[in-house]
Each structure stands twice: as structure tokens, then as C-alpha cells.
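Every read-out reported here was derived from the displayed coordinates using simple, explicitly stated rules and does not represent laboratory data. Quick caveat, the model's predicted, so the values are computed rather than measured. Cβ atoms come from the backbone with ideal geometry, glycine included; neighbour counts cover every protein chain shown.
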Amino acid sequence: MSSSSAPTPEAPPPPRVVTDAEVVILLRAAVAQPGSQRAFVKAVGVNEGDLSSTLRGRRPPSTALRRAVGVETRLVHVGAAR
């Protein structure tokens, strides 16, 4: 028998909790790939005004912007209401 020398695919990293500030960092890196906010907006189909306002710190990232960089919004129940 011969052993396969094909590389095994790497597992994706486990999910982790991120802050809005980290989402903005991810957005800045994603915008840098195509080279401009306008090119990024066209590529992923998000609102240019939302992107601009988020990158300037005027509003938190929208659900669409979070999704554009692979971040999902989840509701977490941490205990009973007091």
C-alpha cells in the first residue's frame, strides 16, 4: 500500500466572539483588498454610506457589513432578568 502525501485540508478556526471595533478592523482589511470603499461596496453589495459612517466611527457596523466580513450576529442569553 502507498501512503498518500496529499495535504489534509485545514479545519476552519473555531467561532469566537468579536467586538464592533474588531469588525471595523476586519472591514478596513477587506476594503484594502479591492483598493477602495467604492470597489468593496460594488463587490459585496453593501451600502456605501453605511460603510463610510462605520469606518469613521459614526455608527456601529450594520448586519450587512458584519456579514460581508464573515461575522454573524447572535443573541446570547446570559441569565434571568432581574
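Only one of Ser62, Ser53, Ser36 is touching a Lys or Arg at 6+ places or on another chain (Cβ under 8 Å) and polar (S, T, N, Q); which? It would help to see each step written out before you state the result.
Numbers: Ser62 fails: touching a Lys or Arg at 6+ places or on another chain (Cβ under 8 Å); Ser36 fails: touching a Lys or Arg at 6+ places or on another chain (Cβ under 8 Å).
That would be Ser53, the only listed residue that is touching a Lys or Arg at 6+ places or on another chain (Cβ under 8 Å) and polar (S, T, N, Q).
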Worksheet item: Out of (1) within 26 Å of Pro14 (Cα to Cα); (2) under 15 Å from the mean Cα position of the chain (by Cα), what's the single condition that is false for Val41?
Response: (1)
Worksheet entry | In segment 47-75, the residues that are surrounded by fewer than 16 Cβ atoms within 10 Å (Cβ to Cβ), polar (S, T, N, Q) and not in a helix (DSSP H, G or I) | Asn47, Thr73
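May I ask you to verify whether Val24 is in a loop (DSSP other than H, G, I, E, B), of a type outside the set (D, E, K, R) and surrounded by 13 or more Cβ atoms within 10 Å (Cβ to Cβ)? Let's see the steps before the verdict.
On the way: in a loop (DSSP other than H, G, I, E, B): no; of a type outside the set (D, E, K, R): yes; surrounded by 13 or more Cβ atoms within 10 Å (Cβ to Cβ): yes.
No.
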Worksheet entry | Matching residues, segment 30-46, being part of a helix (DSSP H, G or I) and more than 19 Å from Val71 (Cβ to Cβ) | Arg38, Ala39, Lys42
Worksheet item: When Glu10 is evaluated against the numbered criteria (1) in a helix (DSSP H, G or I); (2) loosely packed, with under 12 Cβ neighbours inside 10 Å; (3) charged (D, E, K, R), which criterion, by number, is the only one it fails?
Response: (1)
